[in-house]
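As structure tokens, the structure follows; a few thoughts come after it.
Where a number appears in this text, it was derived from the coordinates with a stated rule and is not lab data. This structure is a prediction, so every number in the text was calculated from the model and none was measured. Cβ placement follows ideal geometry from the backbone for every residue including glycine, while neighbour counts extend to all protein chains displayed.
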Amino acid sequence: MLKNPSILITGGTGSFGHSFVPLTLEKYNPSRLVIYSRDEMKQWEMAKLYGNDSRVRFFIGDVRDKDRLSRALNGIDYVVHAAATKIVPIAEYNPFECVKTNVIGAMNLIDACIDQGVKRVVALSTDKASSPSNLYGATKLTSDKLFIAGNSYTGQKETKFSVVRYGNVMGSRGSVIPFFQSLAHTGKLPITDPRMTRFMISLEQGVQLVWHAFEDMVGGEIYVKKIPSMKITDVASSIAPDAQQEIVGIRPGEKLHEQMIGIEDAPYTYEYDDYFKILPAINNWYQDPKRICKGKLVSPEFTYSSDNNEEWMNSEDLKSWVETHQAKIGKI
């Protein structure tokens, strides 16, 4: 499906974009891959990685600007929506800005994609959108709902929208692994709560989930990858085994455990070999055989949370991953 298409990724200079772009260029050889973002310096630096590759284009713009989005989407077949205001404390202290990007930006993109006849759109979500306890999560839940409902008002256009949801991306810029590494030399690591758990997913797995969504989607699905969990204290011990762990308390808006599927979504959630699929409650789409395909409905009490996960990553596995990926950790 993605053979020789035109693809645009919003927020493409972020961590996800730095993995999605090279992997997609190699696997699908798109005719055009457009990185749409608002930071000119990040685009300048990223452009150096691709030299004279005519397939890679850069487009300065903001998802808050619908006219600019519409211009950038001209002739585009597939869109990945990765742009977001996502750092939890920053969103708490700058709520208007968070809403403008995560909610208004989503509305702008949906309208522009329909107007330009884009074929398929996959929006990136977060565990924090499931039973949100902070503004970032609330805006992403709203965004998820907008993209799902977008399938209802495409009119004569064939644009389809779906969502992929995953948790803590290992080694990404600003995440816990590079944070702990930066403090290891001090002999002390701050632990918000010793009970805290997190899902662990690599950027490569996130990219593969987006590819799968493009191939599988009928419209309105939320795809959730099955991934392992880890206690935050075990992450700290793996990164700096000799460091003292100091309990500092949970930050504003922070969750004790990550949740990707809440009990309220259980009646619409189907299980597959390596992922779950939450189907839309609207229009009875959760009963659509094309969307269900070979999935198995989960139990009515089902939740998917980092503390009740069946799969756990141990310290040795994390150490091995860090050794293999050290050159990229915290860089993108």
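Odds and ends about this structure:
- Divide the volume of the convex hull around the Cα atoms of the chain by the residue count and you get 135 Å³ per residue.
- Computed on the Cα atoms alone, the convex hull of segment 188-269 gives a volume of 123 cubic angstrom per residue.
- Sparsely packed trypsin sites (Lys or Arg not before Pro) within segment 33-109, loop by DSSP, other Cβ within 10 Å at most 12: LYS48
- Count, lysine Cα pairs under 18 Å in segment 1-125, 8 or more residues apart or across chains: 5
- Ordered by the number of other Cβ atoms lying within 10 Å of each residue's own Cβ, fewest first, ARG173, ARG120 fall into the sequence ARG173, ARG120.
- By other beta-carbon atoms within 10 Å, ranking VAL80, VAL118, VAL248, VAL298 with the fewest at the front produces VAL248, VAL298, VAL118, VAL80.
- 5 angstrom amide H check on ARG173, placed H, neighbours 5+ away: GLY330, ILE332
- Centroid-to-centroid separation of segment 207-251 and segment 53-97 [C-alpha atoms, Å]: 23
- Projected label distance in nm at ARG64 and GLU97, using a 7 Å step from Cα toward the beta-carbon: 0.9
- In nm, spacing of pseudo-spin labels at ALA47 and ASN283 (7 Å Cα→C-beta vector): 4.0
- Model label sites at LEU25 and ARG57, defined 7 Å from Cα along the beta-carbon direction, differ in position by 1.6 nm.
- In range of the label at ASP115: residues from segment 51-91 whose backbone nitrogen is under 12 Å from the point 7 Å along Cα→Cβ: 65-74
- Relative exposure of PHE96, PHE302, judged by other C-beta atoms within 10 Å (fewest first): PHE96, PHE302
- Nearest-0.05 FRET efficiency for ILE292 and ARG195, computed from C-beta distance (R0 45 Å): 0.80
- Averaged over residues, the count of other Cβ atoms within 10 Å places the peptides 226-239, 152-165 in the sequence 226-239, 152-165, highest first.
- Test item: Cα-centred dipole of segment 107-263, Lys/Arg +1 and Asp/Glu -1 on Cβ, debye: 120
- In order along segment 229-234, the Karplus-derived 3J(HN,Hα) couplings, from 6.51 cos²θ - 1.76 cosθ + 1.60 at θ = phi - 60°, round to 10, 7, 6, 5, 5, 6 Hz, and Gly and Pro are given as x.
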